[in-house]
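See structure below.
The values are calculated or read from the model by the stated rules, or taken from the named source; none is laboratory data. All values derive from a computational prediction rather than experimental measurement. We place every Cβ from the backbone using ideal geometry, glycine too, and count neighbours over all the protein chains shown. SASA here: full protein model, heavy atoms, side chains in, ligands and nucleic acids out. Shrake-Rupley method; radii C 1.70, N 1.55, O 1.52, S 1.80 Å.
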Amino acid sequence: MNKNLAFLHTAVALAVLIPVPARLAYGLVILLCFNFLMLFSTLISKLLDVLSLNNMRPACLIIALICLTVCFRQLVIFYSPIIGLTLGFVLYLPVIAVLIVGDCLDNFNTSLKDSLRQNMLEALRFSFYGIVFFLLRDILGYGTFTLPIPDGILKLHLPQFLFSTSSVFWASIPGGIILVGLFLALMTVVKKKNKIINRSSDLQEQIDV
């Protein structure tokens, strides 16, 4: 995938996660669902290739992703009914993120191995950004570090200086939008610095020659 598109897709997919409750515990469940869907959407995409059903790929993939999400939701409810009921419809948001981040709709000429490697690397990178995103909202918004457990979520309260009543803004939807904007700005800066470093290396090699 083009690097510019990869950055854009990651930013857009992060925006999809804004409606998710601002707790790391819920974020981990959503990101697990995302990786689960990314894996199976890649496999299903290659199966459609083998069956020469490329014209039906978008419809088949969306139906398959919805069905897989329903199955995943039942597993979540089995593990923790409280988490399953709390997340509700937002468990279906990873479907959108997979379609944005993954390369499942147009990877016609790519081997299964290459498709899995590319899509799961993108999923890993997105998961990293997602964990940081939810962790910041959890710490800044509530002053806690949370993990999913069968009885709901485990809350570990952090020192008071990391949290104030006014900082609950970061747990709100507007706060989430601002965080996504900051992520996009950070990714842009990193991308530009990488370009400068690569360009400097190329110039150095030309001088040495």
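Quick check, is PHE133 open to solvent by less than 40 Å² (accessible area, probe 1.4 Å), at pLDDT 80 or above and either within 21 Å of ILE30 (Cα to Cα) or in contact with a Phe, Trp or Tyr (Cβ under 7 Å, 6 or more places away or on another chain) (or both)?
Details: open to solvent by less than 40 Å² (accessible area, probe 1.4 Å): yes; at pLDDT 80 or above: yes; either within 21 Å of ILE30 (Cα to Cα) or in contact with a Phe, Trp or Tyr (Cβ under 7 Å, 6 or more places away or on another chain) (or both): yes.
Criteria met by PHE133.
State whether one or more residues within the range 102-118 are in contact with a strand residue (DSSP E or B) (Cβ under 8 Å, 6 or more places away or on another chain), surrounded by 11 or more Cβ atoms within 10 Å (Cβ to Cβ), of a type in the set (Lys, Arg) and modelled with pLDDT of 85 or more.
Residues of the range 102-118 in contact with a strand residue (DSSP E or B) (Cβ under 8 Å, 6 or more places away or on another chain): none.
Checking the range 102-118: not a single residue is in contact with a strand residue (DSSP E or B) (Cβ under 8 Å, 6 or more places away or on another chain), surrounded by 11 or more Cβ atoms within 10 Å (Cβ to Cβ), of a type in the set (Lys, Arg) and modelled with pLDDT of 85 or more.
Is there any pair linking a residue in the range 14-27 that is open to solvent by 20 Å² or more (accessible area, probe 1.4 Å) to one that is among the acidic types (Asp, Glu), with Cβ under 8 Å and at least six apart or on different chains, and which?
As it stands, the answer is ARG23/ASP138, since those pairs meet every condition given.
When you go through LEU48, LEU91, LEU87 one by one, which is the residue that is in a helix (DSSP H, G or I), without any contact (Cβ under 8 Å) to a residue 60 or more places away in the chain and at negative phi?
LEU48
Here are ILE44, ILE96: which of them is surrounded by 13 or more Cβ atoms within 10 Å (Cβ to Cβ), modelled with pLDDT under 90 and under 16 Å from the mean Cα position of the chain (by Cα)? Spell out the reasoning first.
Working: ILE44 fails: under 16 Å from the mean Cα position of the chain (by Cα).
Step by step, each of ILE44, ILE96 is checked, and only ILE96 is surrounded by 13 or more Cβ atoms within 10 Å (Cβ to Cβ), modelled with pLDDT under 90 and under 16 Å from the mean Cα position of the chain (by Cα).
Listed here are the residues, each with its yes/no results for (1) at pLDDT below 80; (2) more than 28 Å from THR188 (Cα to Cα); (3) of a type in the set (S, T, N, Q).
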residue: LEU5; (1), (2), (3): yes, no, no
residue: LEU8; (1), (2), (3): yes, no, no
residue: LEU14; (1), (2), (3): yes, no, no
residue: LEU17; (1), (2), (3): no, no, no
residue: ALA22; (1), (2), (3): no, no, no
residue: LEU28; (1), (2), (3): no, no, no
residue: LEU39; (1), (2), (3): no, no, no
residue: CYS60; (1), (2), (3): no, yes, no
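On the basis of being under 20 Å from SER127 (Cβ atoms) and open to solvent by 20 Å² or more (accessible area, probe 1.4 Å), does LEU87 make the cut?
On the way: under 20 Å from SER127 (Cβ atoms): yes; open to solvent by 20 Å² or more (accessible area, probe 1.4 Å): no.
When the stated conditions are applied, LEU87 does not pass them.
Of everything in the range 59-74, what is surrounded by 13 or more Cβ atoms within 10 Å (Cβ to Cβ) and either in contact (Cβ under 8 Å) with a residue 60 or more places away in the chain or more than 15 Å from LEU39 (Cα to Cα) (or both)? Give them in sequence order.
Matches in the range 59-74: CYS60, ARG73.
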